[in-house]
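Notes for the one structure printed next.
The values are calculated or read from the model by the stated rules, or taken from the named source; none is laboratory data. This structure is a prediction, so every number in the text was calculated from the model and none was measured. Cβ placement follows ideal geometry from the backbone for every residue including glycine, while neighbour counts extend to all protein chains displayed. Areas reflect the complete protein model, heavy atoms only, side chains present, ligands, DNA and RNA absent. Shrake-Rupley method; radii C 1.70, N 1.55, O 1.52, S 1.80 Å.
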Amino acid sequence: MPASYAYLGPEGTFTEVALRTLPEAATRELVPVVSVPAALDAVRNGEAEAAFVPIENSVEGGITTTLDELVAGAPLMIYREVLLSITFALLVRPGTKLSEIKTVTAHPAAQPQVRNWLRTHLPDALWESAASNADGARLVQEGRYDAAFAGEFAAAKYGLEPLETGIHDAENAQTRFVLVGRPARPAAPTGADKTSVVIWQRDDHPGALLELLQEFAVRGVNLMLLQSRPTGEGIGNYCFAIDAEGHISDRRVGEALMGLKRVCPQVRFLGSYPRAEVDPKDVRAPRAGTSDSEFSAASDWLARCQDGRF
C-alpha cells in the first residue's frame, strides 16, 4: 500500500490545511485529487493508504457526497477526525473591485456559510459551484469567474488577492474532516471516542425509526449525529447515518450494534475512533446501569441463574 494520503484538492483547500494538523501527515505523500469520490476510490483501488475528506459542517450538517460514498461501494472505515474553524475570504484577480463582480464560485458546502453575506454585498452575483474552494480559486485565476470564496491562505497559491476577509454567516463555524482507510481492527478505546454506523430499516411502519433508536437509548448511548439518506430504491426509502458516543468495545455500544444487526436488514460499521478536541477526563460517566462493569455483573448473574446458583 503506498504511503500516501489522498485528499480533496487541489492544493490550498481547507481539507489540506486540516490534514496537515495530523502528525502522521508529515511522513506521508499528500496527493490532491479532484473530488471526494476520487479520494475514497484511491483507497479502494489500493492507490492510497488513506483518504482525508470533509464529512460534516456546523452550519448545514452532513456533507452528503461523503456520506453517500461511504454508504455505497466497498466498505471503508474512519480512523481519525479533525475539526477546523472555517472563515472565508473573497478572492479576486488583482485590481478587481467589488462592484465589478458578477460571478462567484466555491464548493457547494460553502454557500450556506456565506449566503447572508452574499445577499447583502453581492445580491446580483451569479453563484456556480466548484469541485472545491481551492478549485474555485483556480477558476478565478483562469478568468472563468470573477471571485471565489476560499481560505485566505489560497490567495498567494493562485495569484489572487483577498478583497474581503473574515466572511462567515455563523460565528465559530467548524467543519469536521475524517481520515478513511480500508477496514481493519479499530484502535484501542481512549475514553473519548465516537462510533459511526449506517443502518437500514427492514420495512416502513409507524415507529420504525423509534424502534431502531431505542437500541441506543435503552443502553444509555448518546447520539451525536442522525441523518437520513435516500437509498435510491424509490421515494420514502432511506438509510440513516449515525454517530454515537463511545467505542465498539464498550459493552453498551457493542450490544446496541448487536441489537441493530438483529432487526435491520443491513448495518454498515464505519469505525470507532477518537473524538477530536475532547479530553477523556471531560467525558461524562455512563448512565447508571450502562457501564461495562454493570453489563458484566448482569451477565454473571444470568449465568448463575442458568446454573441454579442464584
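Values as computed for the structure displayed
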item	result
Cut-off 17 Å, label 7 Å out along Cα→Cβ of Thr190, residues of the range 12-30 by amide N	18-26
The range 257-273 - phi-based ³J(HN,Hα) in whole Hz, Karplus 6.51/-1.76/1.60, Gly and Pro as x	5, 5, x, 5, 4, 5, 10, 9, x, 8, 10, 10, 7, 9, x, 10, 7
Full-stretch length increase - Val263, Thr64 - with 0.36 nm per residue and alpha-carbon distance subtracted	69.1 nm
Sites His121 and Asp292 - FRET efficiency at Förster radius 51 Å, r taken between beta-carbons, to 0.05	0.40
Over the range 122-242 - Rg/Rh using Cα atoms and the Kirkwood inverse-distance radius	1.11
Neighbour-limited loop hits for GluC sites (Glu not before Pro), the range 203-284 (at most 12 other Cβ within 10 Å; DSSP other than H, G, I, E, B)	Glu233, Glu277
Candidate lysines for bridging to Lys157, where Cα separation is under 22 Å - those fewer than 8 sequence places away on the same chain excluded	Lys97
Cα→Cβ-extended label distance, 7 Å offset, between Asn45 and Arg202, nm	4.0 nm
Square roots of five times the Cα gyration tensor eigenvalues for the range 177-310, Å	27, 22, 13
Trypsin sites (Lys or Arg not before Pro) within the range 73-152: DSSP coil, no more than 16 neighbouring Cβ in 10 Å	Lys97, Lys102, Arg144
Per-residue SASA entry for Thr195, accessible area with 1.4 Å probe, Å² rounded to 10	0 Å²
Shape of the range 1-70, Cα gyration tensor, a/c cut at 1.5	oblate
Estimated FRET transfer efficiency (Ser99, Ser129; beta-carbon r; R0 30 Å; 0.05)	0.80
Pairwise centroid distance, computed over Cα atoms, of the range 226-303 with the range 122-144, Å	41 Å
Ellipticity estimate at 222 nm from DSSP helix runs (n ≥ 4, -39,500 (n - 2.57)) divided over the chain, nearest 500	-8000 deg cm²/dmol
The chain - Rg (one decimal) and Dmax (whole number), Cα, Å	22.4, 86
Fully extended contour minus Cα-Cα distance, from Thr231 to Arg304, at 0.36 nm per residue	21.8 nm
Principal semi-axes in Å for the range 218-287 [√(5λ), Cα gyration tensor, largest first]	26, 15, 10
Global form of the range 184-251, assessed from the alpha-carbon gyration tensor, a/c cut-off 1.5	prolate
Gyration tensor (Cα) of the range 225-265, equivalent ellipsoid semi-axes in angstrom	24, 13, 5
Fully extended contour minus Cα-Cα distance, from Ala156 to His168, at 0.36 nm per residue	2.2 nm
Inter-label distance, nm, simple model (7 Å from Cα along the C-beta direction), Arg284/Thr21	2.5 nm
